[in-house]
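Everything on this sheet refers to the single structure shown next.
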Amino acid sequence: MSRRFVLRGVSLALLAMVFTTVSASAVLVPTPGSTVRMAKIAIPGKPLKVFDISWVDSASGHYYLADRSNGAIDVVDTTTNALVSQIPGFVGFTGKNDTSGPDGVVTTFSNRELWAGDGDSTVKVIDLTRNAIVATISTGGKFRADEMAYDPKDNIVLAANNADDPPFGSLISVGTRTVLKRLTFENSTNGAEQPAYDPMTGLFYMSIPATKANPGGEMAVIDPVAMSVVASYPLPNCGPNGAAIGPGNQLLAGCGNPKRSVIIDRTTGAVMAQFDNVGGSDEVWYNPGDNRYYLASSADQTLGIIDAGTMTFVANLQSGVGAHSVAADLASNHVFVPIAGPDPACPSGCIAVYSSVNADMNGLSRMH
């Protein structure tokens, strides 16, 4: 049996553990030592200057990046940290964020597909056995289909059209590839951002950066079966962009406010922990492999780290220009942060890879 198939088997087992225990109160895995930058992955084609959201599918051992510079999805092997393919067919960078693509990306575990938002208000469905676009789904908006989350229980993808006015989310059937319901956020005054799905509650949670009722933003709670917003949790002074489901009842809201991040109880909306030393985040990620949250901030060019077990701040590591996207592999504990060129560390842009495995307490001072 090859190493790849061994890794896939381990990853699938770990994914099953996440889906069944992520809401348990116990810490999943002991937190290791310091995190260090261990590799830089070059991107072929045009220099990587513009990109958006990324995603790791630990079951297959692949990382996916929405590469607007090349109008493609970059595919990286998370074991070797090598780029293995690029999947074209997107509008690329148009000069305007609202019409560029690809944007949000997510894998659907049951069908081995990657779903990716595009700048023309469509969602592209990619067959990962062929690395080819096999369907295009219109969300009916004027601007890009952006960040997404997948509900494997009901086989539904939630995609956000954040640039439309008013912004809206589309609940899309993975089986039929049709839009089941549009949820319009009439009270939003600043778009709609990263959603996350919780397999324990069976609900989506979507970041709404600002509303008329809550100028500091709120977390919208969406029932995919009722196809409606069932609750809204105010997030004062946050302006949430990112959302990540953590252990116990935790949900991390990655705030646009550069001096704020918040962990809330996703069943009540109550604040469990708040931070004034990490923020300005776009995409955020929870990694069960090391029980840490990772927060990508392009404003400060940092990768923020929070220990989920103790709900305490760990570090802000140097990342690079435009580094607003982050995803981690629970099998290898590699953390992927794309950096735009020209950056001193990556003149043509690259994907920086960090690792928290076997790092000693002097690791931070040795990061290059």
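Before moving on, here are some points about what is shown:
- Of the trypsin sites (Lys or Arg not before Pro) found in segment 137-178, those that fall in a DSSP loop while having at most 16 other beta-carbon atoms within 10 Å are Lys142, Lys153, Arg177.
- In a DSSP loop and with at most 12 other Cβ atoms within 10 Å, there are no chymotrypsin sites (Phe, Trp or Tyr not before Pro) in segment 274-322.
- [x] 22.1, 73; [y] 18.5, 57; [z] 20.9, 61, with the label sought being that of the calculated Rg and Dmax of the Cα atoms in Å: [y]
- Rounded to the nearest 500, the helix-only mean residue ellipticity at 222 nm of the chain stands at -2000 deg cm²/dmol, with each DSSP H run of n ≥ 4 adding -39,500 (n - 2.57).
- The spacing between segment 155-234 and segment 78-115, judged by their C-alpha centroids, is 21 Å.
- Over the chain, relative contact order from alpha-carbon pairs under 8 Å, at least 6 apart, %: 16
Any read-out appearing in this document is the output of simple, stated calculations on the displayed coordinates, not a laboratory observation. Treat the numbers as computed from the prediction; the structure is a model and nothing was measured. Reconstructed Cβ throughout: ideal geometry from the backbone, glycine too, with neighbour counts over all protein chains shown.
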